[in-house]
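Below is one structure, written out as structure tokens; comments come after it.
The values are calculated or read from the model by the stated rules, or taken from the named source; none is laboratory data. This is a predicted model, so every value here is computed, not measured. Neighbour counts run over all protein chains shown; Cβ positions are idealised from the backbone, glycine included.
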Amino acid sequence: MINAVKREQGASFVSILMGMVVVGVFLAVGFKLFTPYKEHATVKSIIENVINDQDQVSKEFRSIRRTIYDRAIINQVRAELSREDFLKIENIDGKIHFDLVYEERVPMFYNVDAVVKFNEHYEVIKP
């Protein structure tokens, strides 16, 4: 009786290549989406710093908006903070409400874009 030759088992070249392609696509998407999230974290920290400063909160809204815009320029934030609908500041019942609502479109591949939406709400009691 002739012993049957055992077949080698394991991943083939094609399966390894397909796995690398999938990992590569996820890495590419992750690298492209990292920038908007990093910028949002920067904008969020700027707004939180302004809110925690009682001298800034006591100023008029135009001055608060300008301070946030200037700090964003210093931190090289590319989002358009100068638009009025980007950051809404309202005084409701002695509280100042900050609504940071915007979306950023990130080109992915060819004609495919990813839209990242951010919606933050802050309240501070006016001094």
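Scanning segment 72-79 turns up no residue that is exposed (fewer than 13 other Cβ atoms within 10 Å of the Cβ), closer than 14 Å to residue 122 by Cα and without any contact (Cβ under 8 Å) to a residue 40 or more places away in the chain.
Give the number of residues within segment 21-68 that are assigned to a helix (DSSP H, G or I) and either farther than 21 Å from residue 110 by Cα or touching a strand residue (DSSP E or B) at 6+ places or on another chain (Cβ under 6 Å) (or both). Reasoning before the result, please.
Pass one, segment 21-68, residues assigned to a helix (DSSP H, G or I): 21-52, 54-57, 61-68.
Now drop any that are not either farther than 21 Å from residue 110 by Cα or touching a strand residue (DSSP E or B) at 6+ places or on another chain (Cβ under 6 Å) (or both), which leaves 32, 36-52, 54-57, 61-68.
Qualifying residue count, segment 21-68: 30.
Taking residues in segment 46-65 that are touching a residue at least 12 places away in the same chain (Cβ under 8 Å) and within 23 Å of residue 78 (Cβ to Cβ), and partners anywhere that are among the acidic types (Asp, Glu) and surrounded by fewer than 17 Cβ atoms within 10 Å (Cβ to Cβ), the pairs with Cβ atoms closer than 8 Å and at least 6 places apart or on different chains are 47/120.
Taking the criterion of being outside any strand (DSSP E or B), touching a strand residue (DSSP E or B) at 6+ places or on another chain (Cβ under 8 Å) and of a type outside the set (D, E, K, R), the residues of segment 69-127 that qualify are 79, 81, 86, 94.
Please pick out the residue among 122, 110, 102 that is modelled with pLDDT of 90 or more and either more than 18 Å from residue 37 (Cα to Cα) or among the hydroxyl-bearing types (Ser, Thr, Tyr) (or both).
On the way: 110 fails: modelled with pLDDT of 90 or more; 102 fails: modelled with pLDDT of 90 or more.
After applying the criteria, what remains is 122.
Restricted to segment 3-59, and to residues there that are of a type in the set (D, E, K, R) and modelled with pLDDT of 90 or more, the residue that is farthest from residue 96 (Cα to Cα) is 32.
The rows are residues; the columns are (1) surrounded by 12 or more Cβ atoms within 10 Å (Cβ to Cβ); (2) acidic (Asp, Glu).
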{"site": "17", "(1), (2)": "no, no"}
{"site": "24", "(1), (2)": "no, no"}
{"site": "38", "(1), (2)": "no, no"}
{"site": "55", "(1), (2)": "no, yes"}
{"site": "61", "(1), (2)": "yes, no"}
{"site": "66", "(1), (2)": "yes, no"}
{"site": "69", "(1), (2)": "yes, no"}
{"site": "90", "(1), (2)": "no, yes"}
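Kindly provide the set of residues from segment 108-124 that are over 14 Å from residue 40 (Cβ atoms) and either exposed (fewer than 10 other Cβ atoms within 10 Å of the Cβ) or among the acidic types (Asp, Glu) (or both), ordered by number. Those that are over 14 Å from residue 40 (Cβ atoms) and either exposed (fewer than 10 other Cβ atoms within 10 Å of the Cβ) or among the acidic types (Asp, Glu) (or both): 110, 111, 112, 113, 123. With respect to the stated conditions, residue 45 is under 16 Å from the mean Cα position of the chain (by Cα), among the hydroxyl-bearing types (Ser, Thr, Tyr) and closer than 30 Å to residue 127 by Cα.
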